[in-house]
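Single-structure report; data block below.
The values are calculated or read from the model by the stated rules, or taken from the named source; none is laboratory data. Treat the numbers as computed from the prediction; the structure is a model and nothing was measured. When we count neighbours, we look across all protein chains shown, and the Cβ atoms used for this are built from the backbone with ideal geometry, even at glycine.
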Amino acid sequence: MKVEEILTRLEGVRQCADGWIARCPAHEDRSPSLSVGEGRDGRVLLHCHAGCTADRVCAALGISMGHLFTEPSARHKPEPQIVSDAQRQIGGLRSRLTPRDRERGVTVVLASETNLDAAITRALVLAVEGELVQIVLDGNE
């Protein structure tokens, strides 16, 4: 799907320096908080400054995340369901943070029973470096 098609589904669209800004369909938005851009490779870039995830914005638009890409990547490996679930949880937590804290990235460390010690060690190192970390235990192994 091209950026023009996405823009037709949005309200309050205005062009700005980096692309467009519009009201986010994923939350009650009185003033535009959704940035819409176009990547060099044709991807549609979405960023809600109020903290809505791209998944939530796509769901509100009635499209899937795959619609943001003009061509499916042959090298893209689908992420495990547990990672998607963790990212949804992070999005929910982010909506309760202050605007400044929302800008911080959260690193998800996927752990299983076989690599639990290594995953915890990695998460601790990242936390000491000042990153927000979430450990996700995959029980499928």
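Points to keep in mind about this one:
- Qualifying residue in the stretch 4-23 (condition: exposed (fewer than 15 other Cβ atoms within 10 Å of the Cβ) and within 16 Å of Met65 (Cβ to Cβ)): yes
- Across the stretch 92-114, not a single residue is classified as out of contact with any Gly (no Cβ under 7 Å at 6 or more places or on another chain), within 18 Å of Ile6 (Cα to Cα) and modelled with pLDDT of 75 or more.
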